[in-house]
């Protein structure tokens with residue numbers, strides 16, 4: 001099969017940190033960006049199928065999966081991604097990101113507009129977007145548990161977050177999430193994160209995105225993520241919003257084939273632009 005022709009799993013050093021990545025296939029480059037506390041494995045259902053037509057890259061962002069935790073020095077996920085692409089000789093790319101990965105994808109597209117051909121944002125976070133009081137309080141509970149009981153207590157609270165409730169109703173998906181979060185170092189729960197954002201947050205700059213954007217959100221995802229997706233569809237000139245019925249925050253794991261079809265159809269449209 002054509003997507004088995006080129007594969008590589010390895011570590012490289014970017015911006016003073018060790019980064020783990022996997023790449024497979026030929027053609028235009030597609031990078032898959034994972035969510036907070038997760039890693040490359042969350043894309044298992046899309047990684048190989050997309051590689052039938054594209055060169056697909058997935059990697060563990062700094063502090064997650066097989067990647068080193070931050071050292072305390074300021075760092076940028078955008079800069080890490082740029083150096084990874086440079087190391088692989090990739091000039092332009094399609095970015096696909098879920099939740100935290102979507103926020104990184106947006107920030108990268110605004111920082112390097114000439115390098116991004118399209119964005120697929122799944123239940124995305126958005127830098128500079130005002131979180132609801134309810135959402136902030138529930139997130140804050142995880143860090144409160146971390147202060148009281150350390151990483152173990154924080155992970156227990158995180159796994160019971162309403163964010164994951166729809167996914168947890170699928171035993172196979174629940175098992176995968178528990179495995180990834182169990183393997184996560186928990187560093188962000190018990191350390192001050194020196195991650196650098198954009199000087200002007202992305203929420204105030206979405207109109208600058210002059211590329212096709214597919215914004216997917218699960219019907220059962222939390223209200224904040226519904227609001228973010230609505231806002232993106234209103235602010236980005238070439239954005240299209242899709243609500244997936246019966247699906248929550250982890251759309252690509254809860255309904256993998258449906259998400260793959262949406263991405264594939266979107267790429268067919270992009271090729272015609």
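The values are calculated or read from the model by the stated rules, or taken from the named source; none is laboratory data. Source: prediction; values computed, not measured. A quick note on method: Cβ atoms are made from the backbone with ideal geometry, for glycine too, and the neighbour counts reach across all protein chains shown.
Quick one: count up the residues across segment 187-199 that are touching a residue at least 40 places away in the same chain (Cβ under 8 Å), over 21 Å from residue 137 (Cβ atoms) and not in a helix (DSSP H, G or I).
The number of residues fulfilling the criteria is 6.
Among the residues of segment 214-245, which ones are in contact (Cβ under 8 Å) with a residue 60 or more places away in the chain and outside any helix (DSSP H, G or I)?
Of everything in segment 214-245, those that are in contact (Cβ under 8 Å) with a residue 60 or more places away in the chain and outside any helix (DSSP H, G or I) turn out to be 214, 215, 216, 217, 218, 221, 222.
Looking at this structure, is residue 210 loosely packed, with under 15 Cβ neighbours inside 10 Å, at negative phi, more than 18 Å from the chain's Cα centre (by Cα) and in contact (Cβ under 8 Å) with a residue 60 or more places away in the chain? Give the steps one after another, and end with the answer.
Working: loosely packed, with under 15 Cβ neighbours inside 10 Å: yes; at negative phi: yes; more than 18 Å from the chain's Cα centre (by Cα): yes; in contact (Cβ under 8 Å) with a residue 60 or more places away in the chain: yes.
Taking the combined requirement at face value, the residue satisfies it.
Restricting attention to segment 124-134, does a residue exist that is surrounded by 20 or more Cβ atoms within 10 Å (Cβ to Cβ), touching a residue at least 60 places away in the same chain (Cβ under 8 Å) and under 22 Å from residue 177 (Cβ atoms)?
Yes, some residue in segment 124-134 is surrounded by 20 or more Cβ atoms within 10 Å (Cβ to Cβ), touching a residue at least 60 places away in the same chain (Cβ under 8 Å) and under 22 Å from residue 177 (Cβ atoms).
Here are 176, 138: which of them is assigned to a helix (DSSP H, G or I) and within 19 Å of the chain's Cα centre (by Cα)? Don't jump to the end; show me each part of the working.
Values: 138 fails: within 19 Å of the chain's Cα centre (by Cα).
Step by step, each of 176, 138 is checked, and only 176 is assigned to a helix (DSSP H, G or I) and within 19 Å of the chain's Cα centre (by Cα).
Given the condition within 23 Å of residue 252 (Cβ to Cβ) and in contact with a helix residue (DSSP H, G or I) (Cβ under 6 Å, 6 or more places away or on another chain), answer yes or no: does some residue in segment 197-205 qualify?
Yes - at least one qualifying residue is present in segment 197-205.
Against the definition (out of contact with any strand residue (DSSP E or B) (no Cβ under 7 Å at 6 or more places or on another chain), closer than 15 Å to residue 170 by Cβ, at pLDDT 95 or above and buried (at least 18 other Cβ atoms within 10 Å of the Cβ)), how does residue 220 come out, yes or no? First the steps, then the outcome.
On the way: out of contact with any strand residue (DSSP E or B) (no Cβ under 7 Å at 6 or more places or on another chain): yes; closer than 15 Å to residue 170 by Cβ: yes; at pLDDT 95 or above: yes; buried (at least 18 other Cβ atoms within 10 Å of the Cβ): yes.
Considered against the rule, which asks whether it is out of contact with any strand residue (DSSP E or B) (no Cβ under 7 Å at 6 or more places or on another chain), closer than 15 Å to residue 170 by Cβ, at pLDDT 95 or above and buried (at least 18 other Cβ atoms within 10 Å of the Cβ), residue 220 comes out as yes.
What number of residues in segment 153-178 are in contact (Cβ under 8 Å) with a residue 24 or more places away in the chain and over 21 Å from residue 217 (Cα atoms)?
Step one: of segment 153-178, the residues in contact (Cβ under 8 Å) with a residue 24 or more places away in the chain are 154-155, 158, 162-167, 170, 173, 176-177.
From what's left, over 21 Å from residue 217 (Cα atoms): 154-155.
Selection size over segment 153-178: 2.
Please go through segment 55-75 and give me each residue that is crowded, with 20+ Cβ neighbours inside 10 Å and on the phi < 0 side of the Ramachandran plot, ordered by number.
Going residue by residue through segment 55-75, those that are crowded, with 20+ Cβ neighbours inside 10 Å are 55-65, 67, 75.
Within segment 55-75, 55, 56, 57, 58, 59, 60, 61, 62, 64, 67, 75 qualify.
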